[in-house]
Amino acid sequence: MKKLLFTILLICFSFPAFATDQKESIYDRVVRTKTLRCAYTTYPTFVEKDPNTGAFSGMFYDLVEEMGKQLGLKIEWTEEVGSDALFAGFQTGRYDAVCAGYAATPSRTWGGDFTKPLVFIPFYMYVRANETRFKDVDDLNKSGIGIATLDGEMSQIVIHADFPLAQEKSLPGLTAATDRLEMIATGKVDATPMEPAIAAEYMAHNPGKIKQFGRSLRMEGSTILIPHNEFALKDMLDTAIDAMKWNGVIGKIVKKHEKYPGTMLVPAPAYATTPERK
């Protein structure tokens, strides 16, 4: 009996100390500090940073800042990360989320989890303006065809999945998106998959160099990346994203940044797919 009583007392007195030693979750820290630390990737239309003033702008920047306002959180833009090193800071706790609009893809689930999409972005293939060798995008899936990609980015995921026979020419994760378009225009590669908003802007300033080719390759949802098992944090961010869909805020922000119609698509609230109410 004495031995049993001693064991019970040991458990009772040890439990508070055990609880105190538990690592604080990211959700708890965000709630305590009222701050969400966001890593980012500078990418045209999504997140841009003025090299002289350090001021941020862009569609996804505005979306995340608005999400912070609705949650009563300060968004702290901590550091730039390349598409090839998105999750490194999760391991060391340098940031709480990657707030740059990356698509939720199966290969990325190994590094983290994703919020609901804030906006949908199509992907197309781009080739030289005078290109006549191909009748369909599937014709690019052959040996000897050079396709430019960005390490860890959607372009690389698309090529590995849909164009495995082509010759991939990958660039480091922080390379400017327009560098791939220049590689096409100068004949260094034959094609690259890209978001149409970026390519349309390039074509507007460089007429007659490249063109959009063929059907849409993907329609991807742009999300916020968070560490694994932060379920409370995900629920909080998803709730704000849903509210921004329902109150029309996402639509207003996308409209502000969508210079070329059809290049950004707003996620519709669930009720929008039901028959019109009388």
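Please tell me if P164 is modelled with pLDDT of 95 or more, part of a loop (DSSP other than H, G, I, E, B) and of a type outside the set (A, V, I, L, M, F, W, C).
Spelling it out, P164 is indeed modelled with pLDDT of 95 or more, part of a loop (DSSP other than H, G, I, E, B) and of a type outside the set (A, V, I, L, M, F, W, C).
Consider A191 carefully, then state whether it is of a type in the set (G, A, S), farther than 24 Å from M264 by Cα and at pLDDT 95 or above.
Numbers: of a type in the set (G, A, S): yes; farther than 24 Å from M264 by Cα: no; at pLDDT 95 or above: yes.
Taking the combined requirement at face value, the residue does not satisfy it.
Of all residues in segment 22-40, those satisfying the criterion of being in a loop (DSSP other than H, G, I, E, B) and without any contact (Cβ under 8 Å) to a residue 40 or more places away in the chain are Q22, K23, E24. Applying the criterion of being in a loop (DSSP other than H, G, I, E, B) and among the β-branched types (V, I, T) to the residues of segment 90-132, the residue that is surrounded by the fewest Cβ atoms within 10 Å (Cβ to Cβ) is T132.
Selection within segment 144-158: residues that are modelled with pLDDT of 95 or more and more than 15 Å from A199 (Cα to Cα). The member of this set that is nearest to the chain's Cα centre (by Cα) is I147. Take the conditions (1) touching a Phe, Trp or Tyr at 6+ places or on another chain (Cβ under 7 Å); (2) in the same structural domain as P207 (by TED's automatic domain parsing); (3) not small (G, A, S); C38 misses just one of them, which is (2). In the set (1) part of a helix (DSSP H, G or I); (2) crowded, with 20+ Cβ neighbours inside 10 Å, the condition left unmet by A204 is number (2). Within segment 230-274, restricting attention to residues that are at pLDDT below 95 and polar (S, T, N, Q), which residue is farthest from I26 (Cα to Cα)? Among those that are at pLDDT below 95 and polar (S, T, N, Q), it is T274.
When S143, S170 are screened for being in contact with a helix residue (DSSP H, G or I) (Cβ under 9 Å, 6 or more places away or on another chain) and surrounded by fewer than 21 Cβ atoms within 10 Å (Cβ to Cβ), only S170 passes. When segment 155-200 is filtered for residues that are out of contact with any Ser or Thr (no Cβ under 8 Å at 6 or more places or on another chain) and more than 23 Å from A85 (Cβ to Cβ), the ones remaining, listed by number, are D162, F163, P164, E182, A185, T186, G187, K188, V189, D190, A191, A199. Scanning segment 44-87 for residues that are in a helix (DSSP H, G or I) and of a type in the set (G, A, S) yields one hit, G68.
For segment 50-86, the tally of residues that are under 18 Å from T175 (Cα atoms), surrounded by fewer than 20 Cβ atoms within 10 Å (Cβ to Cβ) and in contact (Cβ under 8 Å) with a residue 24 or more places away in the chain stands at 5. For segment 173-188, residues that are surrounded by 22 or more Cβ atoms within 10 Å (Cβ to Cβ) and touching a helix residue (DSSP H, G or I) at 6+ places or on another chain (Cβ under 6 Å) total 2.
Is at least one residue of segment 133-147 aromatic (F, W, Y) and outside the structural domain of M67 (by TED's automatic domain parsing)?
The answer is yes, given that some residue of segment 133-147 is aromatic (F, W, Y) and outside the structural domain of M67 (by TED's automatic domain parsing).
The values are calculated or read from the model by the stated rules, or taken from the named source; none is laboratory data. Predicted, not measured: the structure shown is a model, and the values here were computed from it. All Cβ positions, even for glycine, are placed from backbone atoms using ideal geometry, and neighbour counts span all protein chains on display.
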